[in-house]
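For reference, the structure discussed in these notes is given below.
The values are calculated or read from the model by the stated rules, or taken from the named source; none is laboratory data. Everything numeric in this text was worked out from a predicted model, so none of it was measured. Glycine also receives a Cβ, built like all others from the backbone with ideal geometry; neighbour counts cover every protein chain displayed.
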Amino acid sequence: MTEPGTTQTLPEKTDEPPPDVIDTSKMSTGQRKALEITEAARESGHREVSFVADLFMGRWTPRKLYPYREPDQSERETGDAFLGKLSKFLKENVDPDEIDQTGEISQEILDGLAGLGAFGIKVGRQYGGLGLSQWTYCKASTLIGSYCSNLFAMLSVHQSVGVSQPLILFGTEEQKQKFLPRVAKGEISAFALTEDKVGSDPGRMETRAEPTEDGQHFILNGEKLWCSNGLKAGVIVVTAKTPPKMVKGRQRDQITAFLLDMDTPGIENIHRCHFMGLRALYNGVIRFTDVKVPRENIIEAEGKGLKVALTTLNSGRLSIPAACAGVSKRCLQIAREWSNDRVQWGASIGKHAAIADKIRHIAANIFAMESMVGVTARMVDRDKKADIRLEAAITKLWGTEKTWEIADSTMQIRGGRGYETVQSLKNRGETPYPVERIMRDSRINTVFEGSSEIMRLFIMREALDPHLKVAGAVLNTQLPWSTRIKAAFKSSLFYVRWYPKQWSPFGGEIPEGMSPQLGRQFQYVARTSRRLSRTLFHQMVRVGPALEKKQVLLARIADIGTDLFAISASCVRAQQMLDDKVGDGTVCQLVDDFCAETRLRIEEAFRGIKQNTDDRGYRLTQEVLGGNYQWLENGIVEIQYNNPESVEEPTN
Ligand SMILES: Cc1cc2nc3c(=O)[nH]c(=O)nc-3n(C[C@H](O)[C@H](O)[C@H](O)COP(=O)(O)OP(=O)(O)OC[C@H]3O[C@@H](n4cnc5c(N)ncnc54)[C@H](O)[C@@H]3O)c2cc1C
């Protein structure tokens, strides 16, 4: 028997339900439905499992990551020329503070960006786009993110989740011919999944699309919340429930994704939403009343809408950490300049250890963040069908959380000035570092396109997948005993071979050509991945099916895997910089420092898995939620929040 998840041939495309690897018998109807929908939408059938998936199984496969190669010369030249023009355009034509203050992006800016091709960076040239790589798209995201988060959000929603990415991945030739030239040339697009009751749980979707009698159209009714770009979009992707299908004798909900022209009768933008940051997002609530959508506007197939959304998000969500790298670089520039200039207590503040420590973390984390984005983007470019689910989720999770820490540190380094608005600083004649705006704009990154909590659950679902495939059926009380006994036999055969390997004390092979200094870090990753895989296995055995509920414990495991990928990506990129003689030899010092800190964090997470107060904390929370500690809320002005009166909102 081969180890699960090793090289496999692609299975035939099938409409079969996922295998019974998860016991849903003890779940509430809501939980079961949510799980069934997301399980059915999971991507599967990749040719090869990814580097990170291997790490969670204690397998060391550095060839999947190393060597790190930038795109070929022609792509680099075209990409660099585009990035150069984009940078010049932003500097000369865009005032990010004005956009923040007015909440508007002018038509001149939109036209200028469209003229540069910034709305169709990855769209093929045959459809009117620039036809550039994921790598260049991420570089553009870093560039724009470093300057104006509002513009980044607009362009990213448009290209990462709006119409072009789902069509590049799933569109028919007719759909591509019809829609891609429009969006590549600057017609804004959006993606509408979220509803009042649908945040992280698409099972609760209420927007419905019923087929007409002749089956040629669907009639769409419902309301979508927080649709970014929605107020300016000419075309959007909208998800809706379509008639359920019978699967194994049970009705299973179907979610379908449609392309929708926004001038179709029955569509109304009923509210513009305003936020603490990203004030020019053109985000709104969209109502659909008896909207007639042609069947040919379905993306991929009826019932595949969530799969379209989740697959789109895999590479789509990479633009967010790429932009985060840009924000973090801006923070480093501000922190460096200010820490040198500002003198307190007889020395520049950068000389005080407490401030120096923050700057060290900012610098090292930027390198790791950019490396993770770069490595994962190159995986996409090498093979559009590569399995990058774990790498992309990890990069999004890590990049957004670290950027928030970096923004927070930068604010602390700037002291009171960090809290002051750009306009106020300007009016007092001070350098207008936009730290206050950066903080407001960055906070949402850990929430949208997959919140951190959901990313950790997603990572752990994928990390556990090989075990579920081998042993899931054994624990599934819904299956007949004969099936479970057969599964138990098969799984014991697997674990008898796999488990002893996880105790091997040796490091992993160092790839040829890697410097010994970086190679040692690689060996640490190899050793620690086996410790991680056996820890995960021990927890599965100790906790059993209830492991799924131990989210805090699972988060520690997810975070260890995340940090191991951060070290690995940093090492392969550092090696390339050494080979190319870039960075004046400073790169090894930076990577060494990053790894030293990260190893401490990993040790702490392992300790936390062994010894923690998670269960008692959870019990206490349930008491708090039950109202037993409501006395803690005494002494504040009593306000009734449950019946808000509608009040006129200021525009910003
Ligand atoms: C500025 C902005 C722009 C947006 N743009 C778009 C867009 O263009 N298109 C679109 O469709 N949507 C968009 N969204 C929606 C966004 O993707 C959602 O906010 C996000 O999916 C989270 O949903 P929610 O806010 O309803 O939180 P909920 O799902 O209600 O979650 C609330 C909290 O509980 C946590 N949580 C939820 N479930 C679990 C669980 N099972 N285990 C542990 N923790 C859990 C979450 O992580 C979160 O911390 C946007 C939102 C904002 C604020």
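Does L180 satisfy being outside any helix (DSSP H, G or I) and surrounded by 22 or more Cβ atoms within 10 Å (Cβ to Cβ)?
Working: outside any helix (DSSP H, G or I): no; surrounded by 22 or more Cβ atoms within 10 Å (Cβ to Cβ): yes.
When the stated conditions are applied, L180 does not pass them.
Against the criterion of being among the acidic types (D, E) and within 16 Å of the ligand (Cβ to nearest atom), E223 qualifies. Do the conditions hold for F565, that is, is it part of a helix (DSSP H, G or I), away from the ligand (no atom under 16 Å from the Cβ) and not basic (K, R)? Here the answer is yes, as F565 does meet what is asked.
May I ask you to list the residues in the stretch 580-594 that are touching a residue at least 24 places away in the same chain (Cβ under 8 Å) and surrounded by fewer than 22 Cβ atoms within 10 Å (Cβ to Cβ)? V587, C588, L590, D592, D593 - these are the residues of the stretch 580-594 that are touching a residue at least 24 places away in the same chain (Cβ under 8 Å) and surrounded by fewer than 22 Cβ atoms within 10 Å (Cβ to Cβ).
Contact map, the stretch 510-530: first residue over 18 Å from I560 (Cα atoms), second residue among the β-branched types (V, I, T), Cβ cut-off under 7 Å, separation 6 or more or different chains; pairs are L518/V591; G519/I510.
Listed by position, the strands (runs of 3 or more DSSP E) contained in the stretch 230-325 that have at least 1 residues being within 15 Å of the ligand (Cβ to nearest atom), in contact with a Gly (Cβ under 7 Å, 6 or more places away or on another chain) and within 30 Å of L390 (Cα to Cα) are 235-247, 250-261.
Filter the stretch 602-639 down to the residues that are touching a residue at least 40 places away in the same chain (Cβ under 8 Å) and either part of a loop (DSSP other than H, G, I, E, B) or assigned by TED's automatic domain parsing to the domain that holds W398 (or both) and list them by number. Correct list: N612 only.
Enumerate the pairs (first residue in the stretch 365-382 and farther than 17 Å from L590 by Cα and surrounded by fewer than 24 Cβ atoms within 10 Å (Cβ to Cβ); second residue anywhere and modelled with pLDDT under 95 and of a type in the set (V, I, T)) with beta-carbon separation below 9 Å, excluding pairs fewer than 6 apart on the same chain, so at least 6 apart or on different chains. Pairs found: M379/I388; V380/I388. Of the helices (runs of 4 or more DSSP H) that lie entirely inside the stretch 386-454, those containing 3 or more residues that are more than 11 Å from the chain's Cα centre (by Cα), within 16 Å of the ligand (Cβ to nearest atom) and farther than 23 Å from L464 by Cβ span 435-442. Summed over the stretch 390-433, residues that are surrounded by fewer than 18 Cβ atoms within 10 Å (Cβ to Cβ) and among the hydroxyl-bearing types (S, T, Y) total 4. Checked against the criteria, L35 does not count as out of contact with any Cys (no Cβ under 7 Å at 6 or more places or on another chain), modelled with pLDDT of 95 or more and not charged (D, E, K, R). Checked against the criterion of being touching a residue at least 24 places away in the same chain (Cβ under 8 Å), hydroxyl-bearing (S, T, Y) and more than 16 Å from the ligand (Cβ to nearest atom), the candidates S146, S160, S164 yield just one match: S146.
Residues in the stretch 119-154 that are more than 23 Å from G277 (Cα to Cα) and assigned to a loop (DSSP other than H, G, I, E, B): G120, I121, K122, V123, G124, G128, G129, L130, G131, L132, S133.
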